[in-house]
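The values are calculated or read from the model by the stated rules, or taken from the named source; none is laboratory data. Since this is a predicted model, take the numbers as computed values, not measurements. With ideal geometry, Cβ positions are generated from the backbone for all residues, glycine too; neighbour counts draw on all protein chains shown.
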Amino acid sequence: MPEKIFKVLFICRKNAARSLMAEGLLRKWGMGRFEVHSAGPEPLEAADPIAMDLLAKVGVDTTDLRPKNWNLYAGPDAPVMDFIFFTCEDAAARPQPFWPGHPMLAQWRFPDPLTLQGSETERRALLNLVFGMIERRVKIFCALPAHRLGRLTGADLSDIGTDAPRGAESVTV
């Protein structure tokens, strides 16, 4: 019997860096186990070039990574997601649209590299840090077997990759 392909949506307000990095990294490390998307309530016109450069350097094809509005994934005719991860506090705090299928919601909050007003070197340093944080959580998520993924709670999912998870015994592999 073939393993279930889980549908995952990463959401960030501008959908230009954090959520796109998460989308690209889950595609890479998920090895076909996940159908991955990203979106935001206020997507920018283009992806952050430094974020796309970081993804390309680790072998992620960035051709199809672009900011999209979260309305593509909301409403009765939208694709049904299994998991929705909010990668920023702002998007998680907004009134949510209707997500079909009652997906598991979790929050993976990361610093916003797009708000830094420093030099390109400073922006690159922050994006490198955020990239590493996202990659760590994505790799841990990918390591969970399918039978465990379907039984996680939103709190379990939010705690993946944090230093002090609640109920760690419930997310053992």
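Only one of the numbered conditions (1) over 19 Å from the mean Cα position of the chain (by Cα); (2) modelled with pLDDT of 95 or more is violated by Arg123, and that is (2). Against the criterion of being of a type in the set (A, V, I, L, M), over 22 Å from Gly30 (Cα atoms) and at pLDDT 90 or above, Leu65 does not qualify. Taken over the range 24-48, residues that are out of contact with any helix residue (DSSP H, G or I) (no Cβ under 9 Å at 6 or more places or on another chain) and either crowded, with 20+ Cβ neighbours inside 10 Å or modelled with pLDDT under 95 (or both) amount to 2. Within the range 29-54, residues that are free of Cβ contacts under 8 Å to residues at least 40 places away in the same chain reach partners that are among the acidic types (Asp, Glu) and crowded, with 22+ Cβ neighbours inside 10 Å with beta carbons closer than 7 Å, at six or more positions or on different chains, in the pairs Val36/Glu23; Ser38/Glu23.
Within the range 15-33, the set of residues being in contact with a Pro (Cβ under 6 Å, 6 or more places away or on another chain) and more than 14 Å from Trp108 (Cβ to Cβ) comprises Asn15, Ala16. A count restricted to the range 157-169 and to residues that are at pLDDT below 85 and either among the acidic types (Asp, Glu) or closer than 20 Å to Ile84 by Cβ (or both) stands at 6.
Exactly one residue out of Gln107, Gln96 is more than 15 Å from the chain's Cα centre (by Cα) and polar (S, T, N, Q): that is Gln96.
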